[in-house]
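Comments concern the structure below.
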Amino acid sequence: QPGGGGGGGGGEGPARVTLEDAHGEAHYEWMREVFGPDVSQDELYDKVSKPLVEKFTARNGFSVLTFAYGQTGTGKTHTIMGPQESWGTVRHPKWGLFPRVVDAALTDMKSRESETAWAMHVSAVEFYFCQAFDLLDVHKPCIIVNHAPTGHRQMEVRSPEDVLAVLAAVRENRTTAATFMNNASKDHGGSSRSHCALICTLRQLHKASGELCTTTFTCVDLAGAERPGANGDEHTSAMAAIMQYYRDPLSVEPGSQASIINMELSGLRSAVVVATESHRKGRKYAPPTQLTTAAIDFMTSGFDGSALLAMVVTLSPAPASGWETWFACTYGEDLSKLRCPVRAAKPVKIAKAALEAVAKAAAAEIALAKTPPSGAPASKYYNRRVVEARHYAQEAKLIAGLMAQGTQGRLANESAVN
């Protein structure tokens, strides 16, 4: 029973979700807005993401991290990306939050081209079985370094049409499966059996000062939260599932991945509790380092104040989903308690950034060249060094391109003045 809020949710007063069973009613009022099932994607974007886009694209802006959490089949992918019917049309009325974010950011940056050179790139990273994979580059493995993906492809976007290619790649490559709680069909892939991070990276070069500011707007479509038994899967411990995966990936049962998903969602919740307590006591937050996975390492990146945070919790009103809805409410309640001082991105001189990028790319190439693919103790680092070399070469190229763009723009302005 949605109360207050928007989207036809009804009533005046504070936003509220009420759950009722034979034992009585439970009320949850931690949320800022409650939207009914008929809310439009336009209204959801205006309430959730539009104010954050303005901070993301500011000259010395903020990074943003948005999560969608909920039971399988309650609309997380619909919220973040939109339904599959919307992925082939520019500015489709059912576009989700992420394509709308990119579209709005493009519009904003194009209005400031006289003073700012900019480049915008979109990435898509899947977190599956404790690892990270690039959804835009045939599932190549990525690694997480300093809580950020490394080695993933960054696809340049200059128009809303470019966003469609990203959505198509995600649809093609993301791991999904039919479950009892979320059936697959020709128009719907079923339940997402992985976490998916859609990342919009904005690099701005202020032409007058030569300062480079880099921010990211990340939308994380979390895998469906559910009890393995609710989908007919036998319960498997997360550690047993991990061991099974590394022994023989083809033998892994659906219930194994469900156990890992629940472990990662629990880890995210625990990290929020720790971060909340650390900030409350004025201590520096230390992200988890033990019994962690690529997903936990990445998703806890903003808990230190390096990003503005938002969460959408999706709920089912169906009586059969009562336990899952109650659990989602308590999960959201814990995450809503996080408070931390947020800092804007720190600008750097682009000449310095370019030199550092070239140096990192050269060092990564040297390290790779010295590492044999097999047959030596150092060979265990070979795959990692392949990813690092690919990543830092791409970074150096992107920064050099933006630097050249800024130089051309400055010379054009000087010619116009003369």
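Would you please report the Å³ per residue occupied by the convex hull of the alpha carbon atoms in region 91-177? Please report the intermediate quantities before stating the final value.
Details: hull volume 10.2 nm³, N = 87.
Spelled out: Cα convex hull of region 91-177, divided by residues, is 117 Å³.
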Quiz item: Each residue of region 344-356 in order: what ³J(HN,Hα) in whole Hz does its phi give by Karplus 6.51 cos²θ - 1.76 cosθ + 1.60, θ = phi - 60°, with x for Gly and Pro?
Solution: 6, 5, 8, x, 9, 5, 5, 4, 5, 4, 5, 5, 5
Quiz item: What's the local net charge at Thr300, with K and R +1, D and E -1, over the other residues with C-beta under 13 Å away?
Solution: -2
Quiz item: In square angstrom, what is the accessible area per residue of region 309-403 with a 1.4 angstrom probe?
Solution: 58 Å²
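So if R0 is 25 Å, what FRET efficiency would Asn146 and Glu54 give, r being the distance between their Cβ atoms, rounded to the nearest 0.05? List each step's numbers first, then the result.
Values: r = 27 Å, r/R0 = 1.08.
The formula returns an efficiency of 0.40 here.
Quote the FRET efficiency, to the nearest 0.05, computed for Ala286 versus Leu355 with a Förster distance R0 of 30 Å and r equal to the Cβ-Cβ distance. Walk me through the numbers on the way to the answer.
On the way: r = 31 Å, r/R0 = 1.04.
Calculated transfer efficiency: 0.45.
How do 372-380, 335-343 rank on mean C-beta neighbours within 10 Å, highest first?
Numbers: 372-380: 9.8, 335-343: 14.8.
Top of the packing list down: 335-343, 372-380.
Using the beta-carbon distance between Glu277 and Lys346 and R0 = 25 Å, what value does 1/(1 + (r/R0)^6) give for FRET efficiency, to the nearest 0.05? If you can, show how the numbers build up before the last one.
On the way: r = 27 Å, r/R0 = 1.06.
The pair Glu277/Lys346 has a calculated efficiency of 0.40.
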Practice problem: Run the 1.4 Å probe and let me know the accessible area of His279, rounded to the nearest 10 Å². | Solution: 40 Å²
Quiz prompt | Peptides 306-315, 344-353 ordered by average Cβ neighbours within 10 Å, highest first | solution = 306-315, 344-353
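Sum up the lysine pairs in region 307-386 that clear both bars: alpha-carbon distance under 27 Å and a spacing of 8 or more or different chains.
Numbers: Lys337/Lys346; Lys346/Lys360; Lys349/Lys360; Lys352/Lys360; Lys360/Lys370; Lys360/Lys380; Lys370/Lys380.
Value for region 307-386: 7.
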Quiz item: In Å and whole numbers, how far do the C-alpha atoms of region 315-404 stretch along each principal axis, longest first?
Solution: 59, 43, 22
Quiz item: At a probe radius of 1.4 Å, what is the per-residue accessible area of His147, in Å² to the nearest 10?
Solution: 50 Å²
Quiz item: How much area per residue is accessible in region 89-164 when the probe is 1.4 Å and only protein heavy atoms are counted (Å²)?
Solution: 36 Å²
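In whole percent, how big is the carbon plus sulfur part of the accessible area of region 299-418, probe 1.4 Å, protein atoms only?
61 percent
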Quiz item: What nm value, rounded to one decimal, do you get for the distance between Ala376 and Val90 when each label is placed 7 Å out toward the C-beta?
Solution: 5.1 nm
Quiz item: Which value, in Å² and to the nearest 10, is the accessible area of Arg158 when all protein chains are kept and the probe is 1.4 Å?
Solution: 80 Å²
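For Glu365, Glu126, what's the largest-to-smallest order of accessible area, 1.4 Å probe?
Details: Glu365 95, Glu126 0 Å².
Per-residue accessible area, sorted high to low, gives Glu365, Glu126.
Largest first, what is the accessible-area ranking of Phe62, Phe129 with a 1.4 Å probe?
Details: Phe62 55, Phe129 5 Å².
I get Phe62, Phe129, largest accessible area first.
The values are calculated or read from the model by the stated rules, or taken from the named source; none is laboratory data. Only a predicted model underlies this, so the values are computations on that prediction, with no experimental measurement involved. Counting neighbours? That spans all protein chains shown, and the Cβs are built from the backbone with ideal geometry, glycine included. All accessible areas refer to the heavy atoms of the entire protein, side chains included, with ligands and DNA or RNA removed. Shrake-Rupley method; radii C 1.70, N 1.55, O 1.52, S 1.80 Å.
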